[in-house]
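Right, one structure below, let's go through it.
The values are calculated or read from the model by the stated rules, or taken from the named source; none is laboratory data. Keep in mind it's a predicted model, so treat the numbers as computed, not measured. In this analysis, Cβ positions are derived from the backbone assuming ideal geometry, glycine residues included, and neighbour counts consider all displayed protein chains. What goes into the accessible areas is simple: the full protein's heavy atoms, side chains included, and nothing from ligands, DNA or RNA. Shrake-Rupley method; radii C 1.70, N 1.55, O 1.52, S 1.80 Å.
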Amino acid sequence: MTHEQAPDMTDFFSQEFWDERYRSTTAVWSGDPNPHLVEEVADVTPGSALDVGSGEGADAIWMAARGWSVTGVDVSAVAVERAAEAGAGIADRTTWQQADILSWEPPARRFDLVSAHFMHLPGPAREALHRRLAGAVRPGGRLLVVGHHPSDLETSAGRPNVPDMLFTPDQVAAVLDAGEWEILVSATPSRETRDPEGRPVTVHDTVLHAVRRA
């Protein structure tokens, strides 16, 4: 598949863009937790978790239902409100926050798990975000970052033609101090989905799961 021109992504990171997207439909996402979160975290002892790019709250709600105390953060106030409504039954274990992810600073070394799924930013902004997320993990805690792999651009999956926004596990690991972190999983698993025209397509995800040494 060829890509002739990169789209203008200026507005893609704004609260206005995402508020409008969430307002445009009753549900943007499936409501199911991300499968890589389930696979990597299901057997981990619950503690405090930070879910960045929490959207309509499926991941945070799944964790809270299993005993985690979860803070969900998203750029969209509409998404945050929708997540709070969906998680009303476990409100005592969830906190929701609207924030500009490009500049937001999470509290340092606070969480047992920091999770970010499919948060795609231009390279320098993404690396800065990953450093901030890593800084929010306490000793003995975990960092889980999942995203679309650059190889998806060679498929019909319909990823934006902005190669710098897709990333590999090695690129995530590169922002971590090797002396402070142990890499538990660095993988690019494949999965079957459908492209925008409904045709079956194989895509690959980036999965980086690391623990901060105690």
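Summary table below
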read-out	value
Computed FRET value (nearest 0.05) for Gln97 with Glu20, which takes r as the C-beta separation and R₀ as 25 Å	0.80
Fraction of antiparallel bridges per DSSP, the chain only, in percent to nearest 5	45
Sequence-distant residues sharing a close amide H with Thr94 (under 5 Å, placed H)	Val70
Sequence-separation-based contact order of the stretch 1-147, relative, with Cα cut under 8 Å and 6+ spacing, percent	21
With every protein chain in place, the chain: carbon and sulfur % of accessible area (1.4 Å)	49
Residues of the chain: accessible area per residue with a 1.4 Å probe, Å²	49
Table column - 3J(HN,Hα) (Hz), the stretch 125-139, Karplus curve with 6.51, -1.76, 1.60, x for Gly and Pro	5, 5, 4, 5, 4, 4, 5, 5, 5, 4, x, 7, 8, 7, x
Cut-off 12 Å, label 7 Å out along Cα→Cβ of Arg213, residues of the stretch 129-148 by amide N	140
Helix-only mean residue ellipticity at 222 nm for the chain, each DSSP H run of n ≥ 4 adding -39500 (n - 2.57), per residue, nearest 500	-7000 deg cm²/dmol
Computed over the stretch 105-197, the ratio Rg/Rh where both radii use C-alpha atoms and Rh is Kirkwood	1.00
At 0.692 mPa s and 37 °C, Stokes diffusion of the stretch 1-160 via Kirkwood alpha-carbon radius, µm² per second	200
Karplus (6.51, -1.76, 1.60) ³J(HN,Hα), θ = phi - 60°, over the stretch 67-73, in Hz, Gly and Pro reported as x	x, 6, 9, 10, 9, x, 10
